[in-house]
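Colleague: Below you will find the structure I want to go over with you.
The values are calculated or read from the model by the stated rules, or taken from the named source; none is laboratory data. If you're wondering where the values come from, they're calculated on a predicted model, not measured in any experiment. Cβ sites come from the backbone with ideal geometry, for glycine too, and all protein chains shown count toward neighbours. Accessible surface areas use protein heavy atoms only, side chains included; no ligands, DNA or RNA. Shrake-Rupley method; radii C 1.70, N 1.55, O 1.52, S 1.80 Å.
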Amino acid sequence: MALFVQKYGGTSVGSTERIKNVARRVAKYYAQGHELVVVVSAMSGETNRLITLAKEIQTNPDPRELDVMVSTGEQVTVALLAMALKELNVKAKSYTGAQVRILTDNAYTKARILKIDEDRIRSDLKAGYVVVVAGFQGIDEANNITTLGRGGSDTTGVALAAALKADECQIYTDVNGIYTTDPRIVPEARRLKTITFEEMLEMASLGSKVLQIRAVEFAGKYKVKLRVLSSFEEEGEGTLITFEENHNIMEQAVISGIAFNRDEAKITILGAPDHPGVAYQILGPVADANIGVDMIIQNVSHDGTTDFSFTVNRSEFTNTMGILKDKILPHIGARDVIGGDKIAKVSVVGVGMRSHAGIASKMFRVLAEEGINIQMISTSEIKISVVVDEKYMELAVRVLHKAFDLDRAQ
């Protein structure tokens, strides 16, 4: 007998029929004698519908009231799933995040989990119940409802698995595991049997949308075994996200996957004075506006000035350009600021890079042979990212996937 935390995303519970399918899957595990905590998202499209309603009332909805509103999506799903389980003669109880007492900070719409009171869940499990918990939500010290940001149900599932010391946290979604890249771009993409937390963290941060990055961070921090499975397939082992030390690095593929992200914009400040403190003068006000900066490049000084380039999320491009033109350019005396949002980031990821030389040169050669110009480069121990023109993104992904033999079986 094992304790499983299972999380089902919006598409998995997108209709009453799909909720019944989830109930049948949960009932099968229950019949095998396992203890089960089930975390669910709102039905697909529901959160967007609620946000649209809010914006019809208030152009920039009040964050506290927005959290009160959007958290109702999951409340509907937990109740329906508990009913579906009871219809199958499975003892079940549903809880909101507040009822479980998933304690968070008070950063509305993007709260972080501080603590979980698991006593009620444990007593219910002991009494033979399947516990159904609303994902994506919690409560702060002042009993205000909070939400964890888009994709936050993954984090709820992993956090509950950590608190309960579950044997495994199973993330059920509309894909049957983690792939070497997006199969919609490369049909030959393969499902990986295993991937390390480090690699998954890089893939999630670089644009892979299968798991929320905070969920992967949480799982890595608390050593939660994480498995990604499809809720639309009866059988399948999915992909196990695990630790490198569990596998022989000599047998590991050099590269595990190709990640990409279209949501990028590049900004360059021309002729910035080249002296200590300029980087902070440029990026300080950007950070103060809560805008995240990704890749940064500073060119070699020429005549006492330098060009300073960085990337931000595409949705922040206009806002960032405004801050630079209004606040920073006049202050530091740079010549101009230019930018564009028609770029994309393509990355190769793999822990095998640590023990293999020549990955970067191979990547650059392959892109050069296709006439793809590299605008920016960023590296870490297990990834190399390049910024290219958006129109070349899919071509870059395809040729790199083939060049690193990712279409071949492990």
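Colleague: Based on the alpha carbon coordinates of the range 1-157, what radius of gyration and maximum Cα-Cα distance (Dmax) apply, in Å?
Modeller: 15.4, 51
Colleague: Could you derive backbone 3J(HN,Hα) for the range 7-17 from the dihedral phi with the Karplus parameters 6.51, -1.76 and 1.60 (θ = phi - 60°), listing whole Hz in sequence and x where the residue is Gly or Pro?
Modeller: 10, 10, x, x, 5, 5, 10, x, 8, 5, 5
Colleague: Quick one: Debye curve from the C-alpha atoms of the range 270-410, no solvent, what's log10 I(q)/I(0) at q = 0.17 Å⁻¹?
Modeller: -1.00
Colleague: Give me the orientation-averaged projected area of the Cα convex hull of the range 367-407, in nm², one decimal.
Modeller: Projected area, direction-averaged: 3.1 nm².
Colleague: Now for a separate question. Could you work out how much longer the chain between Ile296 and Arg184 gets when fully extended? Use 0.36 nm per residue separation minus the Cα distance between them, nm to one decimal.
Modeller: 37.3 nm
Colleague: In the structure displayed, which of Lys165/Lys223; Lys266/Lys325; Lys20/Lys193 lie more than 20 Å apart, Cα to Cα?
Modeller: From Lys165/Lys223; Lys266/Lys325; Lys20/Lys193, over 20 Å: Lys20/Lys193.
Colleague: Can you list the residues, at least 5 places off or on another chain, whose amide H is less than 5 Å from the amide H of Thr305, using H built in the peptide plane?
Modeller: Asp274
Colleague: Taking K and R as +1 and D and E as -1, what net charge do the other residues with C-beta under 12 Å from the C-beta of Ala107 add up to?
Modeller: 0
Colleague: State the extension gain, in nm to one decimal, for the chain segment bounded by Glu235 and Arg365, taking 0.36 nm per residue of separation less the distance between their alpha-carbons.
Modeller: Working it through step by step, the gained length comes to 42.7 nm.
Colleague: For Lys55, give me every one of the aspartates and glutamates with a C-alpha distance below 19 angstrom, ignoring sequence neighbours fewer than eight places off in its own chain.
Modeller: Hits, sequence-local ones excluded: Glu46, Glu65, Asp67.
Colleague: Quick one: what does P(r) look like for the range 1-71 with 5 Å bins over all Cα pairs, in whole %?
Modeller: 4, 15, 20, 15, 13, 12, 9, 7, 4, 2, 0
Colleague: May I pose another question? Please turn the phi angles of the range 120-127 into ³J(HN,Hα) values with the Karplus equation 6.51 cos²θ - 1.76 cosθ + 1.60 (θ = phi - 60°), one per residue in order, whole Hz, x for glycine and proline.
Modeller: 5, 5, 4, 5, 5, 4, 4, 7
Colleague: Between Ile359, Ile323, Ile377, where does the largest GNM mean-square fluctuation fall for the chain, given springs only between Cα atoms within less than 10 Å?
Modeller: Ile323
Colleague: Can I get the semi-axes of the range 102-142's equivalent ellipsoid? Compute them from the C-alpha gyration tensor as square roots of 5 times the eigenvalues, in angstrom, largest first.
Modeller: Each semi-axis is √(5λ); the values are 24, 11, 6 Å.
Colleague: Stokes-Einstein at 10 °C, 1.306 mPa s, Kirkwood radius from Cα pairs: D for the range 70-204 in µm² s⁻¹?
Modeller: D = 96 µm²/s.
Colleague: Can you pull the three principal axis extents for the Cα set of the range 128-285, in Å, largest first?
Modeller: 67, 50, 31
Colleague: Might you report the magnitude of the Cβ-based charge dipole of the range 311-374 about its Cα centre, with Lys and Arg at +1 and Asp and Glu at -1, to the nearest 20 debye?
Modeller: Its charge dipole is roughly 160 debye.
Colleague: Here is a further query. Averaging over all projection directions, find the projected area of the Cα convex hull of the chain and quote it in nm² with one decimal place.
Modeller: 22.2 nm²
Colleague: About its Cα centre, how strong a charge dipole does the range 26-93 have in debye, to the nearest 20, once Lys and Arg get +1 and Asp and Glu get -1 at the Cβ?
Modeller: For the range 26-93, the charge dipole is close to 300 debye.
Colleague: Can you pull out the GluC sites (Glu not before Pro) in the range 152-246 whose DSSP state is coil and whose Cβ has at most 13 other Cβ atoms within 10 Å?
Modeller: Sparse-neighbourhood loop GluC sites (Glu not before Pro): Glu188, Glu233, Glu234, Glu235, Glu237.
Colleague: Which values, in whole Å and largest first, are the semi-axes of the equivalent ellipsoid of the range 339-404 obtained as the square root of 5 times each eigenvalue of the Cα gyration tensor?
Modeller: Working from the Cα gyration tensor, I get semi-axes of 20, 13, 10 Å.
Colleague: Which values of log₁₀ I(q)/I(0), to two decimal places, follow from the Debye formula for the range 172-230 at q = 0.16, 0.20, 0.24, 0.25 Å⁻¹ with a uniform point scatterer at every Cα?
Modeller: So the normalised log intensities are -0.47, -0.73, -1.05, -1.13.
Colleague: Using a 1.4 Å probe on the protein heavy atoms only, what accessible surface does His331 show? Give it in Å² to the nearest 10.
Modeller: Looks like 130 Å² after rounding.
Colleague: So what are the range 33-125's ellipsoid semi-axes, whole angstrom, largest first, if each one is the square root of 5 times an eigenvalue of the alpha-carbon gyration tensor?
Modeller: Taking √(5λ) for each Cα gyration eigenvalue gives 28, 18, 8 Å.
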